[in-house]
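In what follows, a structure is listed as structure tokens, so that the remarks can point back to it.
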């Protein structure tokens, strides 16, 4: 009698866990389906970026530095080669590779020129908006002062306001993918498509654990029923 009551209790737990875990399982399945509809290259807008040629190694002038630095990197920009210098305090600046001088911060007109020269799509540039590091849009999510160049096809191009680097390109599909990615890992707040997503979010861990418990209870019930037959 006691054994039968235990099995009935397990059966009730299995039903309730099934309902509880069924919702996130459906969400994982639907979000996974949405994320594989388009190739990841389309999501990231790889075909909308202008590919810059390699930097010419001749005639380069080193940057004029006066303090400690963490790194110096040579990059190509739409208006020519430049040095990206990360200083000891974390500040990031661009120096000319032609004469070693420091570039001024990017103006709105500069941002428009960079956006048009960096975008390979056919959509027209509609607006350019400045965002400080503490108030960046949701589809950027990096603590950097940026210019957002918005195009008619709903693509956003983000330009570093200090260096002129193209920091990110966000398509309409990227934002859709990003939302469902947040659902998939059960973390809509700190999700990140660039490889920094916290896969150990407590909600995800909780429902995964409940799913394991429900599966184990189901196995116990299945073997007990077969044995009873």
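On the basis of being under 22 Å from residue 144 (Cα atoms), in contact with a strand residue (DSSP E or B) (Cβ under 9 Å, 6 or more places away or on another chain), assigned by TED's automatic domain parsing to the domain that holds residue 118 and surrounded by 15 or more Cβ atoms within 10 Å (Cβ to Cβ), does residue 85 make the cut?
yes
What do you reckon, is residue 153 within 28 Å of residue 35 (Cβ to Cβ), touching a helix residue (DSSP H, G or I) at 6+ places or on another chain (Cβ under 8 Å), modelled with pLDDT of 95 or more and not in a helix (DSSP H, G or I)?
In short, yes.
For region 62-71, what are the residues that are surrounded by fewer than 14 Cβ atoms within 10 Å (Cβ to Cβ) and either outside the structural domain of residue 159 (by TED's automatic domain parsing) or more than 19 Å from residue 167 (Cβ to Cβ) (or both)?
If the condition is that a residue be surrounded by fewer than 14 Cβ atoms within 10 Å (Cβ to Cβ) and either outside the structural domain of residue 159 (by TED's automatic domain parsing) or more than 19 Å from residue 167 (Cβ to Cβ) (or both), then 62, 64, 66, 67, 68 are the ones that fit.
Among the residues of region 91-129, write down those that are surrounded by 14 or more Cβ atoms within 10 Å (Cβ to Cβ), assigned to a strand (DSSP E or B) and under 25 Å from the mean Cα position of the chain (by Cα).
92, 93, 94, 119, 125, 128 - these are the residues of region 91-129 that are surrounded by 14 or more Cβ atoms within 10 Å (Cβ to Cβ), assigned to a strand (DSSP E or B) and under 25 Å from the mean Cα position of the chain (by Cα).
I need a count of the residues in region 130-156 that are out of contact with any strand residue (DSSP E or B) (no Cβ under 9 Å at 6 or more places or on another chain) and loosely packed, with under 13 Cβ neighbours inside 10 Å.
4
Of all residues in region 30-63, which are part of a helix (DSSP H, G or I) and either farther than 30 Å from residue 80 by Cα or in contact with a helix residue (DSSP H, G or I) (Cβ under 8 Å, 6 or more places away or on another chain) (or both)?
Passing the criteria: 30, 31, 32, 33, 34, 35, 41, 42, 43, 44, 47.
Does residue 104 satisfy the condition of being within 28 Å of residue 54 (Cβ to Cβ) and without any contact (Cβ under 8 Å) to a residue 12 or more places away in the chain?
Criteria met by residue 104.
Which of the residues that make up region 108-137 are touching a helix residue (DSSP H, G or I) at 6+ places or on another chain (Cβ under 8 Å) and without any contact (Cβ under 8 Å) to a residue 60 or more places away in the chain?
Taking region 108-137 as the starting set, the residues that turn out to be touching a helix residue (DSSP H, G or I) at 6+ places or on another chain (Cβ under 8 Å) are 119-121, 125, 128, 130.
Those that are touching a helix residue (DSSP H, G or I) at 6+ places or on another chain (Cβ under 8 Å) and without any contact (Cβ under 8 Å) to a residue 60 or more places away in the chain: 125, 128, 130.
The values are calculated or read from the model by the stated rules, or taken from the named source; none is laboratory data. Nothing here was measured: the structure is a model prediction, and the numbers come from that model. Backbone-built Cβ (ideal geometry, glycine too); neighbour counts: all protein chains shown.
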